[in-house]
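First comes the structure, then the notes that go with it.
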Amino acid sequence: MSETEISQDPKRIAVIPGDGIGVEVTREAVKVLRAATPEKLQFTEFDWGADRYLRDGTSLPAGAVEMFHRDFDAILFGAVGDPRVPSNQHAADILLGLRAKLDLYVNLRPVELLDDALTPLRNRATKDVHFTVVRENTEGLYVGAGGHFQRGTPHEVAIQEDVNTRRGVERIIRYAFEFARSRHLRRVCMSDKSNALTFGHELWLRVFKELKSEYADVESRHLYVDALAMELVRDPTQFDVIVTCNLFGDILSDLGSQLAGGLGLAPSGNIHPGRVSLFEPVHGSAPNIAGKNIANPAGSVLSSALMLDHLGMPATANLLRDAVSASIREKQTTQDIGGNLGTREAGDWLAEFVATRA
């Protein structure tokens with residue numbers, strides 16, 4: 001462990017397990033973090049989820065955002081979504097509310113194949129699938145702007161508005177270039193659909209062209225999103241960093257996760273550099289398998305590694321990644337990626353691995 005990490009004051013982590021398998025995988029991630037970082041992290045758990053919402057109507061309490069800014073360094077999140085709340089209002093309030101109110105404008109989605117056997121691509125190996133999707137996380141079609149006219153009639157009109165601001169577009173593209181430069185990555189690809197979305201995505205293309213001159217050391221490329229989706233399947237080795245809008249980033253990162261072994265291994269960070277940020281696996285709450293001890297905790301553990309990167313603990317972050325890679329090699333995993341362990345047992349194996357090496 002580095003001297004920098006040893007000397008740090010304990011970091012304060014808010015834990016929101018949420019719903020479904022979020023509760024199960026978050027429990028295992030905290031177990032692994034405790035094993036890897038004895039006395040270096042302090043955890044406070046919050047019971048915000050469907051159970052609490054159905055009990056007393058609480059989703060994201062008043063003052064929560066201010067509390068996170070004041071009292072915490074990061075948030076470890078599980079998943080939200082429960083069929084008992086058909087509107088998913090609590091999920092929108094909690095997760096989308098935190099993304100917006102904490103201004104977590106970067107959704108960081110690493111895509112890394114950890115074992116050759118996990119990719120559906122023919123004749124591809126770990127060296128071939130290794131890129132990061134940088135998704136704009138606070139604007140676009142996900143802002144909820146729009147409405148219905150004559151709803152429920154044969155003449156109904158539904159309008160969903162795509163919001164793109166110069167500030168929002170510029171800061172996410174700049175982040176992608178800085179991310180590539182800081183990690184000595186060679187290539188940034190910006191993807192849009194400016195040939196059809198001639199207002200909002202013309203802004204993306206124009207800003208990208210303006211900014212790339214500031215990063216002459218990074219190879220820049222533009223692809224329409226349909227072409228990019230095809231190229232990711234045909235030859236993922238072309239890409240190091242992909243930056244795109246909220247909707248396209250959501251779709252492309254899920255595509256990427258399948259190239260790398262599935263959603264059970266997919267981590268993400270919702271980040272504002274230098275501020276409290278939120279880290280979560282992307283598999284959702286999966287209520288159909290909740291409580292069965294079969295959910296894969298690796299995505300939550302890898303999300304925890306992203307959290308440690310954000311907190312300035314890169315050696316410990318890499319230890320967690322090494323643990324997941326070793327578990328796959330040794331088939332000490334859940335069934336979805338070739339093992340025969342349950343959620344708890346997989347977490348125990350990962351915790352023991354990091355404890356013996358911390």
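The values are calculated or read from the model by the stated rules, or taken from the named source; none is laboratory data. Quick caveat: nothing in here was measured; it's all calculated off a predicted structure. Glycine also receives a Cβ, built like all others from the backbone with ideal geometry; neighbour counts cover every protein chain displayed.
Scanning region 224-252 for residues that are surrounded by fewer than 24 Cβ atoms within 10 Å (Cβ to Cβ) and among the hydroxyl-bearing types (Ser, Thr, Tyr) yields 224, 237. Yes or no: region 302-314 includes at least one residue that is more than 17 Å from residue 11 (Cβ to Cβ) and crowded, with 23+ Cβ neighbours inside 10 Å. Looking through region 302-314, at least one residue is more than 17 Å from residue 11 (Cβ to Cβ) and crowded, with 23+ Cβ neighbours inside 10 Å.
Residue-wise test of (1) among the aliphatic types (A, V, I, L, M); (2) more than 18 Å from residue 31 (Cα to Cα).
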site	(1), (2)
279	no, no
282	yes, yes
312	no, yes
322	no, no
330	no, yes
337	yes, yes
340	no, yes
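No other residue among 158, 125 is assigned by TED's automatic domain parsing to the domain that holds residue 192, touching a His at 6+ places or on another chain (Cβ under 7 Å) and either on the phi > 0 side of the Ramachandran plot or among the aliphatic types (A, V, I, L, M) (or both) apart from 158.
Looking only at region 325-347, count how many residues are in contact (Cβ under 8 Å) with a residue 60 or more places away in the chain and surrounded by fewer than 24 Cβ atoms within 10 Å (Cβ to Cβ).
Going residue by residue through region 325-347, those that are in contact (Cβ under 8 Å) with a residue 60 or more places away in the chain are 325, 328-329, 334, 336-338, 343-344, 346-347.
Now restrict to residues that are surrounded by fewer than 24 Cβ atoms within 10 Å (Cβ to Cβ): 325, 328-329, 334, 336-338, 343-344.
Matching residues across region 325-347 total 9.
If you go through region 44-71 and keep only what is in contact (Cβ under 8 Å) with a residue 12 or more places away in the chain, surrounded by fewer than 17 Cβ atoms within 10 Å (Cβ to Cβ) and closer than 14 Å to residue 101 by Cβ, you end up with 61, 69.
If I filter region 155-163 for residues that are farther than 23 Å from residue 267 by Cα and of a type in the set (S, T, N, Q), do I get at least one hit? Scanning region 155-163 turns up at least one residue that is farther than 23 Å from residue 267 by Cα and of a type in the set (S, T, N, Q). Residues of region 209-223 include none that is among the aromatic types (Phe, Trp, Tyr) and touching a residue at least 40 places away in the same chain (Cβ under 8 Å).
Given 87, 59, which one is out of contact with any helix residue (DSSP H, G or I) (no Cβ under 8 Å at 6 or more places or on another chain) and among the hydroxyl-bearing types (Ser, Thr, Tyr)?
Values: 59 fails: out of contact with any helix residue (DSSP H, G or I) (no Cβ under 8 Å at 6 or more places or on another chain).
Result of the check over 87, 59: 87.
Taking the conditions (1) touching a Lys or Arg at 6+ places or on another chain (Cβ under 7 Å); (2) on the phi > 0 side of the Ramachandran plot in turn, residue 262 satisfies each one other than (1).
Looking at this structure, is residue 135 of a type in the set (D, E, K, R) and either out of contact with any Leu (no Cβ under 9 Å at 6 or more places or on another chain) or in the same structural domain as residue 305 (by TED's automatic domain parsing) (or both)?
Details: of a type in the set (D, E, K, R): yes; either out of contact with any Leu (no Cβ under 9 Å at 6 or more places or on another chain) or in the same structural domain as residue 305 (by TED's automatic domain parsing) (or both): no.
Answer is no for this residue.
Looking across region 144-178 at every residue that is among the aliphatic types (A, V, I, L, M) and without any contact (Cβ under 8 Å) to a residue 60 or more places away in the chain, the one that is surrounded by the most Cβ atoms within 10 Å (Cβ to Cβ) is identified as 169. Set side by side, the residues 151, 135, 99 differ, and just one is on the phi < 0 side of the Ramachandran plot and more than 20 Å from the chain's Cα centre (by Cα), which is 151.
In region 123-151, which residues are of a type in the set (A, V, I, L, M, F, W, C), within 24 Å of residue 181 (Cα to Cα) and part of a loop (DSSP other than H, G, I, E, B)?
Initially, region 123-151 is screened for residues of a type in the set (A, V, I, L, M, F, W, C), giving 125, 129, 131, 133-134, 141, 143, 145, 149.
Next, only the ones that are within 24 Å of residue 181 (Cα to Cα) stay: 129, 131, 133-134.
Scanning region 123-151 gives a single hit, 129.
Looking at this structure, is residue 77 assigned to a strand (DSSP E or B) and surrounded by 13 or more Cβ atoms within 10 Å (Cβ to Cβ)? Let's see the steps before the verdict.
Values: assigned to a strand (DSSP E or B): yes; surrounded by 13 or more Cβ atoms within 10 Å (Cβ to Cβ): yes.
In short, yes.
Listed by position, the helices (runs of 4 or more DSSP H) inside region 196-304 whose residues that are closer than 30 Å to residue 331 by Cα and among the polar types (S, T, N, Q) number at least 2 are 246-259.
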